[in-house]
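Report on the structure given below.
The values are calculated or read from the model by the stated rules, or taken from the named source; none is laboratory data. The shown structure was predicted, so the numbers you read here are calculated from the model rather than taken from an experiment. Positions of Cβ are generated from backbone atoms using ideal geometry, with glycine treated the same way; all protein chains shown enter the neighbour counts. Only protein heavy atoms, including side chains, enter the accessible area calculation; ligands, DNA and RNA are left aside. Shrake-Rupley method; radii C 1.70, N 1.55, O 1.52, S 1.80 Å.
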Amino acid sequence: MSPDGVLVTEGGQASVAQRLLSLYPGAVLIGDERASGDGFEIVTLADIDADETLVINLDVLDSVGIFQRLHRSGAEPKIMNFQWINPSTFHHPVNFAAMGLAYSFFPTFCSGERTAAEVREVTERWALQQLAHRAKVAWADLGVNTERLVERVATPEPVVLYPAISMDARKQPMEFLQIVTAVQKKEPIKVTARLAQSQLASGPAIKLATLRWTSVSPLRAKREDYWTELAGTTAFLATSLEEAYGLQYVEALLAGVVGILPDRPWARNLVPPHYPFLYTDAAEAERMLLEAVRDPDGCRARMDAAAGGPFTEWIRTHHGQRGFEEAFKAKVAEWFGA
């Protein structure tokens, strides 16, 4: 929690948690100590009624431990996994074994089809054979708040966004740096990155921050500041190898930012079939990004053509959050009768 009472986390948990809080008025967050902030309350495990409370856990590795703590009083805890990131983010066998056990005993809702497929793969490989059949897995794409209207803001020079909050290897930040550096040599641009606090001291972040035409800073605590910055962003360059869904990319596209995406399955799931800015190698990414910063209006026109109309309307139609909300609540009712 930030000093002004805003919910902030190292990753995207804050956005996901806020989404769930809006689905269930009166719901609270569970933390190490009690606190309250802007529109939320934090309690501890000791504060909840273990027999009556459904715990929706955003860190699946902790599900078994949460059960053990709540079960000490003789209660039969209700726990649901929410797998909002790819299980393959983890690498140690102990983590995979822990996930396999959690998936077997507690129903799991995933933030996308590809994430659900990984959950099933982990369960089949790492869960005990006599337990794996117990796994219940469902999924829906997170979607975005499509009611938000973003008015574009002109900037003195094109602004290119690093569209992630971490510099993990799977995000390929050095690939991003290589491409934007090549573009900057041909066209003056400003590159911005908003990172989780723990990422600011990483090697790629420091390297990016040393350039005179870049800006690297912590995540904005307030969502309004985040959307204001997107309104003045010209393009983003995605270099990630894999994404569970791609919420930040979809939000940027909704704001009218020209998205340069790798030609990978996760990216193709976000855009129309004939989206014009899917690249296959660094040279093609450089060419597309250069076009985006030199002629953003022309690029948006091409995006509109691929969508068969205004591209932002296509995003609203295909990435609305209502489908996620309905699917999530339906599964909670099915699994827990609530």
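Report yes if THR234 is among the hydroxyl-bearing types (Ser, Thr, Tyr), more than 22 Å from ASP168 (Cα to Cα) and open to solvent by 10 Å² or more (accessible area, probe 1.4 Å), otherwise no. Against the criterion (among the hydroxyl-bearing types (Ser, Thr, Tyr), more than 22 Å from ASP168 (Cα to Cα) and open to solvent by 10 Å² or more (accessible area, probe 1.4 Å)), THR234 qualifies. Restricting segment 237-261 to residues that are small (Gly, Ala, Ser) and farther than 21 Å from ASP295 by Cβ, which is surrounded by the fewest Cβ atoms within 10 Å (Cβ to Cβ)? If we take residues in segment 237-261 being small (Gly, Ala, Ser) and farther than 21 Å from ASP295 by Cβ, then SER240 is surrounded by the fewest Cβ atoms within 10 Å (Cβ to Cβ).
Only one of the numbered conditions (1) at pLDDT 95 or above; (2) under 23 Å from the mean Cα position of the chain (by Cα) is not met by GLY246, and that is (1).
Taken over segment 222-231, the residue count meeting the criterion of being open to solvent by less than 20 Å² (accessible area, probe 1.4 Å) and under 15 Å from the mean Cα position of the chain (by Cα) is 0. For segment 60-76, a residue qualifies if it is open to solvent by 30 Å² or more (accessible area, probe 1.4 Å) and either touching a residue at least 24 places away in the same chain (Cβ under 8 Å) or among the basic types (Lys, Arg) (or both), and the qualifying residues are LEU61, VAL64, PHE67, ARG69, ARG72, GLU76. Taken over segment 83-98, the criterion of being in contact (Cβ under 8 Å) with a residue 60 or more places away in the chain and assigned to a helix (DSSP H, G or I) is satisfied by SER88, THR89.
Exactly one residue out of LEU237, LEU230, LEU247, LEU261 is touching a residue at least 40 places away in the same chain (Cβ under 8 Å) and farther than 16 Å from SER166 by Cβ, and it is LEU230. Of all residues in segment 46-80, those satisfying the criterion of being of a type in the set (A, V, I, L, M) and under 26 Å from the mean Cα position of the chain (by Cα) are LEU54, VAL55, ILE56, LEU58, VAL60, LEU61, VAL64, ILE66, ILE79, MET80. Going through (1) more than 20 Å from the chain's Cα centre (by Cα); (2) within 24 Å of ILE165 (Cα to Cα); (3) not aromatic (Phe, Trp, Tyr) one by one, VAL16 falls short only on (1).
Which of the residues spanning segment 224-251 are hydrophobic (A, V, I, L, M, F, W, C) and farther than 27 Å from PHE90 by Cα? Scanning segment 224-251 gives TRP227, LEU230, ALA231, ALA235. Screening GLU52 with (1) within 16 Å of THR123 (Cβ to Cβ); (2) open to solvent by 60 Å² or more (accessible area, probe 1.4 Å) gives one miss only, at (1). Taking segment 100-129, which residues are under 26 Å from VAL250 (Cα atoms) and touching a helix residue (DSSP H, G or I) at 6+ places or on another chain (Cβ under 7 Å)? Correct list: THR108, PHE109, CYS110, ARG114, GLU118, VAL119.
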